[in-house]
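A quick write-up on the structure given underneath.
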Amino acid sequence: MSSVRHQIGLDVGALEARDTEDVVVGKEIIRHRLSSRVIHWLVADFFLLCAATGLPVFSPVFGWLGSLFGGLAVCRVVHPLAGLAFFASAAVMFRHWSQEMEMTAQERGWVGPKLLEYLRDEANHDQIGKYNGGQKVFFYTAALAALGFLGSGVVLWFPLTFPGVLRQIAILLHNLTFIAFFTSIVFHVYLATIAEPGTFNAMTRGTVSKAWARIHHPKWYRELTGSGK
Ligand code: HEM
C-alpha cells in the first residue's frame, strides 16, 4: 500500500501519521499520530485563551488584550469557561500520554538535586527513549497546573460561596500557578522550536527525521530502526 502511495506521489509520512505512530516511513519517523496532535493543540489553544482573557482581569496593564475580546466584561465570562475547557482537554491529554510518560526507575533517581542535569539532557543521554526526563517533568507540571487552576479558579468564580481566607489563598494559588506554569511554557516553546530544529514538525506534520531521532532520543531511535547505533 505504501509503495503504491509513493508511486503516485502522495505524502506518505503525513498520511501514515493520521493513525499510526512510532514507525519508520522512508527517511522519516512518525512521532505523533493525529489524535495526539489534536489534543496537544486543543490544550495549548485553551491555555492561551485563558491567559489572554485572564491577564486583563488581573491588571489594567493588559487592558489592550481585553479589548481584543470586546472588553473586560466579556473576558470575565469567557475566562472561566475557557478554564473549564483547558482542564477538560488537559485531563484527556493526561490520560492519552500517561503510559508513555511513566518515569523509569533510573529517571526517578534524577528527580531532585540532579533535575537540572536532566532538563539539560545531560543525564545518560544514550538511554533517552521517546521522551526525556525534562519532557516528562513538564507533562506532570501541566497536570498539576491544571489541578491548581481548577481548584483555585472555582473559588474565584463563585466567591460568595467560600470564606474570605479561602478566597485569599485561591488568589495567591491562581497567580503563583500561572507564573510558574507560564515560565515552564516559555521554556517548552523555546525547546520545541528554536532550540531543537525539527521538533515543531513533530506536532504539526507528525513526523521527525531519522537524524533528529538519533540525536535527541537515541534509545527510541534504536528501538524503531533496530539499529545498533
Ligand atoms: C503554544 C505553543 C506550543 C508549542 C509551539 C508547542 C510545541 C510542542 C511540540 C513540538 C511538542 C513535541 C515535542 C516532541 O515530540 O519531542 C510538544 C509536546 C508537548 N506539549 Fe507543547 N507546545 C505548545 C504549547 C503547549 C502547552 C500550552 C502545553 C500544556 C499546557 C503543552 C504541553 C505539551 C506536552 C505535555 C507535550 C509532551 C511532552 C513534551 O514533549 O514536552 N504544549 N509541544
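Name the residues in the range 200-229 that are polar (S, T, N, Q) and either part of a helix (DSSP H, G or I) or in contact with a Leu (Cβ under 7 Å, 6 or more places away or on another chain) (or both), would you?
Asn201, Thr204, Thr225, listed by residue number.
Does Ala88 satisfy the criteria of being modelled with pLDDT under 95, among the aliphatic types (A, V, I, L, M) and either within 16 Å of the ligand (Cβ to nearest atom) or closer than 28 Å to Trp212 by Cα (or both)?
It is false that Ala88 is modelled with pLDDT under 95, among the aliphatic types (A, V, I, L, M) and either within 16 Å of the ligand (Cβ to nearest atom) or closer than 28 Å to Trp212 by Cα (or both).
Name every residue in the range 182-214 that is more than 8 Å from the ligand (Cβ to nearest atom), among the β-branched types (Val, Ile, Thr) and surrounded by 14 or more Cβ atoms within 10 Å (Cβ to Cβ), in order of residue number.
Once the filter is applied, which keeps residues that are more than 8 Å from the ligand (Cβ to nearest atom), among the β-branched types (Val, Ile, Thr) and surrounded by 14 or more Cβ atoms within 10 Å (Cβ to Cβ), the range 182-214 yields only Thr207.
Could you check how many residues of the range 121-164 are within 22 Å of Ala192 (Cβ to Cβ), acidic (Asp, Glu) and in contact with a helix residue (DSSP H, G or I) (Cβ under 8 Å, 6 or more places away or on another chain)?
Going through the range 121-164 one residue at a time, the tally reaches 1.
When the residues of the range 25-56 are filtered to those that are surrounded by fewer than 16 Cβ atoms within 10 Å (Cβ to Cβ) and modelled with pLDDT under 95, which remaining residue is farthest from Phe138 (Cα to Cα)?
In this case the residue turns out to be Gly26.
Do we find that Ile179 is more than 10 Å from the ligand (Cβ to nearest atom), in a helix (DSSP H, G or I) and under 26 Å from Ile39 (Cα atoms) in this structure?
yes
For the range 31-75, enumerate the residues that are within 11 Å of the ligand (Cβ to nearest atom) and under 30 Å from Thr225 (Cα atoms).
Correct list: Arg31, His32, Ser36, Arg37, Ile39, His40, Trp41.
The values are calculated or read from the model by the stated rules, or taken from the named source; none is laboratory data. If you're wondering where the values come from, they're calculated on a predicted model, not measured in any experiment. Using ideal geometry, Cβ is built from the backbone for each residue, glycine included, and neighbour counts are taken over all protein chains shown.
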